[in-house]
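**Student:** Structure in structure tokens, see below.
The values are calculated or read from the model by the stated rules, or taken from the named source; none is laboratory data. Predicted model, so just to flag it, every value in this text is computed and none were measured. Cβ: placed from backbone, ideal geometry, glycine included. Neighbour counts: every protein chain shown. Heavy atoms of the whole protein, side chains included, go into the accessibility calculation; ligands, DNA and RNA do not. Shrake-Rupley method; radii C 1.70, N 1.55, O 1.52, S 1.80 Å.
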Amino acid sequence: LYLHAVTETTLRVDTSRGEKLRINFDVTFPALQCSIISLDAMDISGQEHLDVKHDIFKQRIDAHGNVIATRQDAVGSMKVEKPLQRHGGRLEHNETYCGSCYGAEESNEQCCNSCEDVREAYRKKGWGVSDPDLIDQCKREGFLQSIKDEEGEGCNIYGFLEVNKVAGNFHFAPGKSFQKSNVHVHDLLPFQKDSFNVSHKINKLSFGQYFPGVVNPLDRAQWVQHSSYGMYQYFIKVVPTVYTDINGHIILSNQFSVTEHFRSSESGRIQAVPGVFFFYDLSPIKVTFTEQHVSFLHFLTNVCAIVGGVFTVSGIIDSFVYHGQRAIKKKMEIGKFN
């Protein structure tokens, strides 16, 4: 026991400021194709990261869970074959391509050269794309066709987010998100579907670096949707954690606890955006784990206590045997004289 390190646990108020929170995730959606899933993150400070693509990877999977392809998020591919110019004519050889944003331009010089550019311009305006085939860029790139080609597939999405260390949420949901009347909504019209199955399996979810002994309660958790529409919510309490190993190496990480809730549509009226939402809040208490060796003096004290205990117990047993023997011998002698 002396040769092995022991871990001391202490609690203190978390006074750190200005730090970032890293969220690592690996989630599989067996019934949602990669082309329709988007990832958004927002916090109570008002900062938003909509349709996050940086450090996010998607794997198309078939009905048996086998990987079909991996990509860093895009829909369709650009095909410049006489595309429609902003002024209405077709691209000629001596012209520079500048596609129309279909009324969503922020300036007269703005160009939307891909379907994604048009959808992004619409998102900034708070508009939804009702029919992608009416947009030249989306029609040329085969936006709807790429979605149909992935019909029946699932998606494994993994990566990490760097967010402010304040309460917030991140969520996986179909469609591109935008703000409308200060409400966060997702544009579902382009996908021309009546329902979305948000059944999912969380392969991994953690906040910060791994440290010895950490338990992430949502690893390998899964949920199956039985209704046609709904939102699955995880409410997470993140506890800042500092782990210092025996060599003095410090790991800044987090632990968390979680509760779950499913919010379904009521009376045929859609009450919530379909998707999987993770709402997280920060605990004001920080947990500190410190690995350290037992001091030699403490070890010596324990050895002395053990040796003393052995001698004491041995003395008690010896005294009990000795007095028992004497009592039996005395009774035997009394029996002889009688």
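**Student:** Yes or no: VAL214 at pLDDT below 95, closer than 30 Å to LEU134 by Cβ and outside the structural domain of ASP133 (by the TED database)?
**Tutor:** Numbers: at pLDDT below 95: yes; closer than 30 Å to LEU134 by Cβ: no; outside the structural domain of ASP133 (by the TED database): yes.
No: the conditions fail for VAL214.
**Student:** Check segment 7-27 and report whether any residue there is assigned to a strand (DSSP E or B), of a type in the set (S, T, N, Q) and surrounded by 17 or more Cβ atoms within 10 Å (Cβ to Cβ).
**Tutor:** Within segment 7-27, the subset assigned to a strand (DSSP E or B) is 7-13, 20-27.
Now restrict to residues that are of a type in the set (S, T, N, Q): 7, 9-10, 24.
Still in the list and also surrounded by 17 or more Cβ atoms within 10 Å (Cβ to Cβ): none.
No: zero hits.
**Student:** Could you please tell me which pairs satisfy a Cβ distance under 7 Å, a separation of 6+ or placement on different chains, a first residue in segment 157-179 that is over 18 Å from GLU116 (Cβ atoms) and in the same structural domain as LYS204 (by the TED database), and a second residue that is of a type in the set (Ser, Thr, Tyr) and in a strand (DSSP E or B)?
**Tutor:** That search, which allows pairs on different chains as well, returns ALA167/TYR280; GLY168/TYR280; ASN169/TYR280.
**Student:** Scan segment 208-219 and tell me whether some residue there is within 27 Å of ASN156 (Cβ to Cβ), in a strand (DSSP E or B) and open to solvent by less than 40 Å² (accessible area, probe 1.4 Å).
**Tutor:** Taking segment 208-219 first, the residues within 27 Å of ASN156 (Cβ to Cβ) are 208-211, 214-219.
Of the ones still in play, those that are also in a strand (DSSP E or B) are 208.
Keeping just the survivors that are open to solvent by less than 40 Å² (accessible area, probe 1.4 Å) gives 208.
Among the residues of segment 208-219, at least one is within 27 Å of ASN156 (Cβ to Cβ), in a strand (DSSP E or B) and open to solvent by less than 40 Å² (accessible area, probe 1.4 Å), which makes the answer yes.
**Student:** Anything in segment 222-253 that is open to solvent by 50 Å² or more (accessible area, probe 1.4 Å), closer than 21 Å to GLU8 by Cα and part of a loop (DSSP other than H, G, I, E, B)? List them, or say none.
**Tutor:** Residues satisfying the conditions are ILE246, ASN247, HIS249.
**Student:** Mind checking which residues of segment 121-143 are hydrophobic (A, V, I, L, M, F, W, C) and within 15 Å of GLU105 (Cα to Cα)?
**Tutor:** ALA121, TRP127, VAL129, ILE135 - these are the residues of segment 121-143 that are hydrophobic (A, V, I, L, M, F, W, C) and within 15 Å of GLU105 (Cα to Cα).
**Student:** Would you check which residues across segment 89-123 are outside any loop (DSSP other than H, G, I, E, B) and either modelled with pLDDT of 85 or more or surrounded by 14 or more Cβ atoms within 10 Å (Cβ to Cβ) (or both) and list them?
**Tutor:** Of the residues in segment 89-123, the ones outside any loop (DSSP other than H, G, I, E, B) are 90, 115-123.
Selection gives CYS115, GLU116, ASP117, VAL118, ARG119, GLU120, ALA121, TYR122, ARG123.
**Student:** Name the pairs whose Cβ atoms lie under 7 Å apart, with the first residue in segment 95-122 and charged (D, E, K, R), the second modelled with pLDDT of 85 or more and surrounded by fewer than 17 Cβ atoms within 10 Å (Cβ to Cβ), and 6 or more positions between them or separate chains?
**Tutor:** none
**Student:** Which of the residues belonging to segment 130-166 are within 26 Å of the chain's Cα centre (by Cα), loosely packed, with under 13 Cβ neighbours inside 10 Å and in a loop (DSSP other than H, G, I, E, B)? Can you show your working first?
**Tutor:** As a first pass, look at segment 130-166 and keep what is within 26 Å of the chain's Cα centre (by Cα): 147, 150-166.
Going one step further and asking which of them are loosely packed, with under 13 Cβ neighbours inside 10 Å, we end up with 151-152, 162.
Scanning segment 130-166 gives GLU151, GLY152.
**Student:** I'd like to check something: does segment 178-189 contain any residue that is under 17 Å from ILE37 (Cβ atoms), in a strand (DSSP E or B) and modelled with pLDDT of 95 or more?
**Tutor:** Residues of segment 178-189 that are under 17 Å from ILE37 (Cβ atoms), as a first pass: 178, 184-189.
Next cut, in a strand (DSSP E or B) only: 178, 184-187.
Now restrict to residues that are modelled with pLDDT of 95 or more: none.
Among the residues of segment 178-189, not one is under 17 Å from ILE37 (Cβ atoms), in a strand (DSSP E or B) and modelled with pLDDT of 95 or more, which makes the answer no.
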